[in-house]
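Q: Sharing a structure, written as structure tokens. Questions coming.
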């Protein structure tokens, strides 16, 4: 797993780098078999919006797992809470995609089984009767 960490509008200190690396290691359980195409890109920084006062920090996670891309962004008043929130968002996105793929596979398999039994004449590959 490759981790790229960048900072915008602030200096990337060793403490921030270590915290992001520690949080990113928790994402390894969602990765598949140490594939070299797995890329984690993390961007942390300070952002200023005209309607927000004080320091507003942004954390952004971009992950590529076997060709699929996932993205999560969080803006908070504390940098560490923004990193934690973005990590939770990316985990939520990865698991929902995994659940959706499993559901679609089971639904297609159920349709093929009905077609083979003769219960349904619907072709699951063309969605036509």
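Q: Which residue is farthest from residue 75 (Cα to Cα), if the candidates are limited to region 21-62 and must be surrounded by 10 or more Cβ atoms within 10 Å (Cβ to Cβ), modelled with pLDDT under 80 and within 17 Å of the chain's Cα centre (by Cα)?
A: Once the filter is applied, the top-ranked residue is 35.
Q: Let me ask something else. Within region 84-100, take every residue that is over 11 Å from the mean Cα position of the chain (by Cα) and surrounded by 15 or more Cβ atoms within 10 Å (Cβ to Cβ) and give me the one that is farthest from residue 73 (Cα to Cα).
A: So, considering only residues that are over 11 Å from the mean Cα position of the chain (by Cα) and surrounded by 15 or more Cβ atoms within 10 Å (Cβ to Cβ), the one farthest from residue 73 (Cα to Cα) is 84.
Q: Further question on the same structure: Go through region 1-14 and count every residue that is within 23 Å of residue 91 (Cβ to Cβ) and at pLDDT 75 or above.
A: 6
Q: Could you say which residue among 94, 90, 83, 119 is out of contact with any helix residue (DSSP H, G or I) (no Cβ under 8 Å at 6 or more places or on another chain) and either on the phi < 0 side of the Ramachandran plot or modelled with pLDDT under 80 (or both)?
A: Residue meeting the stated conditions: 119.
The values are calculated or read from the model by the stated rules, or taken from the named source; none is laboratory data. Just so it is clear, the structure is predicted and the values come from calculations on it, not from any experiment. Positions of Cβ are generated from backbone atoms using ideal geometry, with glycine treated the same way; all protein chains shown enter the neighbour counts.
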